Amino acid sequence: MAGAERGGGGGGGGWGGGGLMSYLKAKKAGYYYLLGVTNAKQSSSLALESGEPVLAMAGFMGTDPALTPQKLAEMVAGKQIRFILLSGSMGGN
């Protein structure tokens, strides 16, 4: 995760009602995206579950060079995104 805040692990059994989803929502602090993830499959699932915008940083399959490090830095500085998940289980995805 990016930004000054780092959270603990998520709640048991996925994102819905879990500790990590609650943490992200509580710490969003005016940033546009709830979270940035690797691909569109992850982002669509999380956006539907959370009701918040989630950024697919590397396109549909996670292989597109859709977001450069410089662009990510600009987005953080511009309060568009605060947290990113680079890898890990997405509750069955």
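No value in this document is a laboratory result; all are computed from the given coordinates. None of these values were measured; they are calculated from a predicted model. Note: ideal-geometry Cβ built from the backbone for every residue, glycine included; neighbour counts use all protein chains shown.
At a glance:
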quantity	calculated
Phi to ³J(HN,Hα) by Karplus 6.51 cos²θ - 1.76 cosθ + 1.60 over region 29-44, Hz, x for Gly, Pro	6, x, 6, 5, 8, 5, 6, x, 10, 5, 9, 5, 4, 5, 5, 5
Projected label distance in nm at GLU49 and LYS79, using a 7 Å step from Cα toward the beta-carbon	2.8 nm
Nonlocal amide H pairs with TYR32, under 5 Å, H built at 1.01 Å	GLN80, ILE81
Violating pairs (Cα-Cα greater than 20 angstrom) within the set LYS25/LYS79; LYS27/LYS79; LYS25/LYS71	LYS25/LYS71
